[in-house]
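Nothing in this text is a laboratory measurement; each read-out follows from the coordinates by a stated rule. None of these values were measured; they are calculated from a predicted model. Neighbour counts are summed over all protein chains in view; Cβ atoms, including those assigned to glycine, are modelled from backbone coordinates with ideal geometry.
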Amino acid sequence: MTEQPQKPSGVDSEIKERWIAMQEELKDQVILHDTEEWGQDLRQLKFVAGMDISYPEEAIGKSEAVACLVIVSYPDLATVYQATENICLTEPYIPGFLAFRESGPLLNLLEDLLQKRPDLKPDVILIDGNGILHPRRYGCACHIGLKSGIPTIGVAKNIYKMDCIEYNKQANDLANVGDNILLNDGELTLGMALKTAKNAKNPVTNSFC
């Protein structure tokens with residue numbers, strides 16, 4: 001996903017206030033403890049989904065995009081299902097509120113999967129976005145998990161900068177593949193920064209949800 005840098009307008013400010021209220025209300029419904037058997041025994045994990053929305057380079061500043069869903073079997077990681085859909089997003093892009101812009105098309109793809117191939121229902125979904133590593137502890141991964149009833153993990157290319165997390169110096173210390181640091185606000189572990197490739201400029205940020 002390539003986020004589109006746009007400055008919120010006056011109308012967007014009104015939308016932002018409404019979305020903040022929704023995040024504050026919904027975050028208390030997010031389940032933060034393990035509920036699935038595969039959480040204790042990965043042999044129980046069968047299918048993992050990945051979801052993202054991609055913006056063509058020529059569509060920057062516009063709303064045309066492609067929603068994507070891929071299911072792989074575990075542990076062999078063979079692709080067993082994939083679907084894409086050309087979409088036109090109607091909500092504005094405002095940092096911190098990606099869920100309200102992108103979750104609708106992604107949830108539609110997931111619903112279509114469950115209707116056509118319920119046998120491939122994913123045990124967990126990886127979302128290009130954040131989970132509780134978010135100012136209000138309610139990122140896009142949380143929203144999709146709450147609406148679908150399926151556990152989610154937010155996977156972001158860039159960390160969501162928050163004053164409560166000292167990150168930059170720690171990130172520079174991640175030299176080898178597999179090196180990682182837990183990200184917390186002093187009370188709660190919000191995610192993990194993981195070095196996935198030797199030449200990767202930034203670690204991948206996994207945000208729990």
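See the values below:
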item	result
Residue match in segment 119-127 (condition: farther than 18 Å from Ala49 by Cα and either assigned to a loop (DSSP other than H, G, I, E, B) or charged (D, E, K, R) (or both))	no
Unique residue being buried (at least 18 other Cβ atoms within 10 Å of the Cβ) and touching a Leu at 6+ places or on another chain (Cβ under 8 Å) when the list is Ile87, Ile53	Ile53
Residue match in segment 94-112 (condition: among the hydroxyl-bearing types (Ser, Thr, Tyr) and surrounded by fewer than 18 Cβ atoms within 10 Å (Cβ to Cβ))	no
Selection count, segment 13-40, where residues are more than 18 Å from the chain's Cα centre (by Cα), under 18 Å from Ile153 (Cα atoms) and surrounded by 11 or more Cβ atoms within 10 Å (Cβ to Cβ)	4
Matching entry among Arg136, Arg101 (being part of a helix (DSSP H, G or I), within 25 Å of Asn158 (Cα to Cα) and touching a residue at least 12 places away in the same chain (Cβ under 8 Å))	Arg101
Total residues in segment 60-82, condition among the hydroxyl-bearing types (Ser, Thr, Tyr), assigned to a loop (DSSP other than H, G, I, E, B) and surrounded by fewer than 17 Cβ atoms within 10 Å (Cβ to Cβ)	1
